[in-house]
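Quick notes on the structure that follows.
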């Protein structure tokens with residue numbers, strides 16, 4: 001978070017990144033804070049991780065708030081965005097990043113495992129977007145970035161719930177982008193491939209090697225690489241909206 005504040009391209013902006021206490025969300029929050037954005041750090045579990053990140057931002061001179069919400073619950077989504085706006089100011093950047101997986105073949109998948117993933121990974125995108133959209137339209141500027149997935153493009157064995165949710169995020173992005181472009185609000189989806197995060201930690205080593213073999217660049221992605229793409233969309237992506245941006249090492253083209 002070095003550099004003069006005058007060179008920070010998001011100074012004066014307020015950003016909310018759901019699921020920002022770890023993984024890709026944490027990297028995204030760091031990238032936006034480095035550009036001067038006031039940050040709403042969101043967590044559902046593990047308050048200590050959110051507090052550590054907030055303390056890091058405060059040391060760098062960033063305005064920051066820490067907010068708890070279970071984004072699978074509509075009322076929590078609205079409360080999160082309301083509290084962030086009250087404490088930090090109008091939310092101008094929303095990154096819908098929070099997500100879970102409950103992998104199981106469709107024949108064994110329970111209705112609750114389906115619902116939990118859909119509520120967290122798809123419904124939350126709708127509710128959080130609804131909570132910020134009118135204020136963004138009123139100010140004539142906004143950036144909404146939805147973290148989808150390569151799985152939403154290709155499908156995957158044992159991930160019917162996750163794939164359906166992420167495919168829904170992509171379609172939702174394109175639809176909302178068409179509705180709000182004329183108001184100065186851009187809406188884009190980023191589709192990461194396999195990124196080295198906690199979510200991959202439980203994958204057996206043999207499975208990891210099999211996946212790596214299908215990536216032309218020959219390695220897994222890093223969370224910071226996704227974060228840099230988010231930063232670009234927020235700072236220089238004025239003429240980009242309704243896009244699904246692949247960042248997957250060439251695994252899906």
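The values are calculated or read from the model by the stated rules, or taken from the named source; none is laboratory data. Note that the coordinates shown come from a computational prediction; the quantities given were computed from them, not determined experimentally. Here Cβ is always computed from backbone atoms with ideal geometry, including for glycine, and neighbour counts include all displayed protein chains.
Details
- Residues that are within 26 Å of residue 119 (Cβ to Cβ) and outside any strand (DSSP E or B) within segment 57-76 comprise 69, 70, 71, 72, 73, 74, 75, 76, listed in sequence order.
- Segment 228-237 - residue that is touching a residue at least 24 places away in the same chain (Cβ under 8 Å) and either touching a helix residue (DSSP H, G or I) at 6+ places or on another chain (Cβ under 8 Å) or closer than 13 Å to residue 93 by Cα (or both) and, of those, surrounded by the most Cβ atoms within 10 Å (Cβ to Cβ): 230
- Filtered residue count, segment 85-110, keeping only those that are part of a loop (DSSP other than H, G, I, E, B) and within 16 Å of residue 67 (Cα to Cα): 5
Conditions (1) part of a helix (DSSP H, G or I); (2) under 16 Å from the mean Cα position of the chain (by Cα); (3) more than 21 Å from residue 223 (Cα to Cα); (4) at pLDDT 95 or above, marked per residue:
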| position | (1), (2), (3), (4) |
| --- | --- |
| 28 | yes, yes, no, yes |
| 33 | yes, yes, no, yes |
| 55 | yes, no, no, yes |
| 78 | yes, no, yes, yes |
| 83 | yes, no, yes, yes |
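- Condition check for residue 41: buried (at least 19 other Cβ atoms within 10 Å of the Cβ), assigned to a loop (DSSP other than H, G, I, E, B) and at pLDDT 95 or above: no
- Residues that are surrounded by fewer than 20 Cβ atoms within 10 Å (Cβ to Cβ), closer than 24 Å to residue 131 by Cβ and touching a helix residue (DSSP H, G or I) at 6+ places or on another chain (Cβ under 7 Å) within segment 181-200 comprise just one, 183.
- Residue match in segment 201-219 (condition: outside any loop (DSSP other than H, G, I, E, B) and either buried (at least 18 other Cβ atoms within 10 Å of the Cβ) or in contact with a strand residue (DSSP E or B) (Cβ under 7 Å, 6 or more places away or on another chain) (or both)): no
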